Structure formats: structure tokens, C-alpha cells
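Taking it in order: structure first as C-alpha cells, then the write-up.
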Amino acid sequence: MMVFSTPDDMRHASAEWRAAGEQLCLVPTMGAIHDGHLALVTAAKKAAKRVVVSIYVNPTQFAAGEDFDSYPRNFRADQQKIEAAGGVDAIYAPQAMYRDQHATHIVPSGVALPMEGESRPHFFTGVATIVFKLFQHVPADYAVFGEKDFQQLAVLRQMVGDLNLPISLIGHPTVRETDGLALSSRNHYLSAEQRAIAPLLYQTLGKSAAEILAGGDIQQSLDEAKSHLLAGGFTKIDYLDLRDATNLAPSLTAKADDRLFVAAWLGETRLIDNCAIGSHPARSR
Ligand code: AMP
């Protein structure tokens with residue numbers, strides 16, 4: 001696997017592939033590679049002949065006091081995991097993506113405003129700006145993103161459409177532990193006790209999905225789900241919403257592809273998850 005660390009080297013390799021008529025798929029990550037990331041890589045290989053995984057912990061999507069400094073970084077281990085899963089054509093691991101005088105940002109509105117946009121107002125500007133920059137360095141035909149971060153995928157689809165970017169985005173379903181917990185680099189932060197509580201997040205989404213699909217009152221179900229999480233050991237809930245999957249507007253009459261979205265804290269660790277109410281395994285129980 002080639003490793004590139006500058007935009008020029010990355011662009012040069014991409015241009016050679018494109019000149020040979022080969023399509024290119026990008027998988028952007030912040031490293032701490034796990035099986036969720038590797039599933040995106042497998043999807044990328046199906047989409048295009050050439051695959052690039054980018055690894056960059058993007059400072060502009062962390063606010064002061066968030067976990068930028070403690071975010072897990074281990075390039076060698078990441079490289080080995082990708083290699084063991086069959087490898088990719090290149091890893092793009094830029095050292096720095098922002099020059100000192102950087103002053104240009106992409107500030108998404110629309111689907112970026114609720115939920116994460118309210119809890120972490122800096123976040124989607126950081127995400128959209130870095131992904132736009134990555135798309136300039138890796139001029140790919142496709143990029144794969146996880147539905148684990150469903151709102152992020154919606155924000156990026158909105159950016160690609162609004163700015164007419166010549167790239168197709170592929171969404172990949174969330175990869176979970178056998179107990180339902182969504183794989184996440186931030187799961188490393190959980191103590192053994194917190195890790196035992198964490199699956200309650202997805203279980204609770206399932207309970208709510210089943211109630212809402214059965215015609216239960218949406219607000220009552222959401223309120224009960226929040227209480228259930230707090231009673232079960234979660235320490236704070238940023239949001240727990242039912243929303244339309246396309247425009248992320250609050251859903252007042254439940255449709256099977258409407259999604260439940262949650263962000264909740266276990267001590268210092270913030271976990272997010274989401275699912276379509278019609279696809280949670282608990283829906284028919
Ligand atoms: P991150 O490194 O956490 O920024 O994630 C990089 C990409 O992997 C994003 O598109 C995420 O949505 C995706 N991803 C992270 N965790 C999972 C998961 N458990 N299942 C599927 N995709 C994931």
C-alpha cells in the first residue's frame with residue numbers, strides 16, 4: 001500500500017489512475033480503524049478499481065474541551081488492520097490540512113441545523129470543510145460514508161448537490177457489536193461498567209421503534225425512551241428524535257423509513273446512534 005502525506009503526491013497518483021481510465025473511491029476516516037471502517041473499504045472496492053483510505057484527525061470538528069487531544073491515534077496499527085483486510089491502493093495521511101492563515105470554511109445549513117448542529121455548532125462546518133478539501137486532493141468518483149453518522153451523510157449529500165461536486169456518495173449501514181452497540185472509535189473511552197450499559201442505547205431505539213410502528217404516541221415513546229436511558233445509567237441525553245430520513249424534519253406521522261436519532265452521554269463519553277424504525281430487529285417483537 002502506498003502512503004501519501006501531501007496533497008501534491010495524492011493528486012499525482014489519482015491523476016495517473018484516472019488517466020488509465022480507472023475509477024477511484026475514497027473512504028475518509030479519522031483513524032482508530034475498526035470493522036465499521038473496514039466494511040466501508042469493502043464497499044469501496046466494489047464501487048471502484050482504486051481505493052484510497054484517508055486518515056486525518058480533523059481539528060476543526062472538535063470544539064475546545066472536546067476530545068481532539070485524547071482521540072486515539074496509531075498509524076501503524078491502522079495500516080496493519082487495513083493490510084490484513086486485503087489492503088487498499090493508498091492511505092492518504094496528510095500531516096496538516098490547514099495552513100496558518102486558513103480562513104475559508106464551508107458552513108452548511110439545512111439538514112446540518114438540528115441535532116448535532118444544535119449540540120455541536122462547530123461540527124458540520126469542520127466536517128464539510130475537511131471533506132471538501134479531501135475531495136480536492138483525492139478527485140474520486142465515489143466516496144463511502146457510514147450511516148452510523150447518518151446526519152453527517154445527509155449534510156455531505158446536501159453539499160455535493162448544492163456545490164455540484166462531481167462525486168457520488170455511497171452510504172453504508174452501521175456495523176454493530178453482537179450486543180447491538182455501534183462500533184465507534186469512542187467506544188475505547190468506556191470503562192468496563194460503561195461498556196456494559198452502552199448496548200442499552202440501541203435496545204432503547206428498538207423499543208421505541210416497535211412502539212411507534214405499532215401506532216403508539218411518538219412524543220410519549222420518545223419521552224419514555226429518554227427516561228429509560230437515564231434510569232439505565234446514561235448520564236445525559238442531548239437529543240432523541242424521530243425524523244424524516246431525507247430532510248431530517250421532525251416526523252409527526254411515523255413512516256417505516258423515518259429514523260430515530262440519539263446522542264447520549266455515559267460519563268465523559270458521548271455516544272450517537274440511529275436507525276430506521278422499520279429496520280430495527282426489535283420492531284416486530
Ligand atoms: P470516523 O473515523 O469515526 O470519522 O468515521 C469514518 C467513517 O466511518 C464515517 O463515514 C463513519 O460514519 C464511518 N463509521 C464509523 N463507525 C461506523 C460503524 N460502526 N459502521 C459503519 N460505518 C462507520
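The values are calculated or read from the model by the stated rules, or taken from the named source; none is laboratory data. As the structure is a computational prediction, the values presented were derived from the model and not from experiment. Heads up, the Cβs are rebuilt from the backbone with ideal geometry, glycines too, and the neighbour counts pull from every protein chain shown.
Observations
- Residues of segment 130-155 satisfying the condition of being in contact with a Leu (Cβ under 8 Å, 6 or more places away or on another chain) and either within 9 Å of the ligand (Cβ to nearest atom) or outside any helix (DSSP H, G or I) (or both): Val138, Pro139, Ala140, Asp141, Tyr142, Ala143, Val144, Phe145, Gly146, Glu147, Lys148, Leu153
- Breaking point among (1) touching a helix residue (DSSP H, G or I) at 6+ places or on another chain (Cβ under 6 Å); (2) outside any helix (DSSP H, G or I), for Asn164: (1)
- A count restricted to segment 167-199 and to residues that are away from the ligand (no atom under 12 Å from the Cβ) and outside any helix (DSSP H, G or I) stands at 8.
- Selected residue (criterion: surrounded by the fewest Cβ atoms within 10 Å (Cβ to Cβ)) from residues of segment 25-44 that are within 9 Å of the ligand (Cβ to nearest atom) and in a helix (DSSP H, G or I): Asp35
- Residue count, segment 1-24 (criterion: assigned to a strand (DSSP E or B) and either within 11 Å of the ligand (Cβ to nearest atom) or crowded, with 22+ Cβ neighbours inside 10 Å (or both)): 1
- Residues considered: Ser284, Ser221. Of these, the only one that is modelled with pLDDT under 95 and over 25 Å from His37 (Cα atoms) is Ser284.
- Meets criteria (more than 14 Å from the ligand (Cβ to nearest atom), outside any loop (DSSP other than H, G, I, E, B) and touching a residue at least 60 places away in the same chain (Cβ under 8 Å)) for Arg76: no
- Residue in segment 87-95 that is modelled with pLDDT under 95 and not in a helix (DSSP H, G or I) present: yes
- Residue within segment 225-239 that is within 18 Å of the chain's Cα centre (by Cα) and not assigned by TED's automatic domain parsing to the domain that holds Lys133 present: yes
- For segment 204-215, the criterion of being outside any loop (DSSP other than H, G, I, E, B) and either within 16 Å of the ligand (Cβ to nearest atom) or out of contact with any helix residue (DSSP H, G or I) (no Cβ under 8 Å at 6 or more places or on another chain) (or both) is met by at least one residue.
- Residue that is within 16 Å of the ligand (Cβ to nearest atom) and of a type in the set (Ser, Thr, Tyr), where the choices are Thr104, Thr60: Thr60
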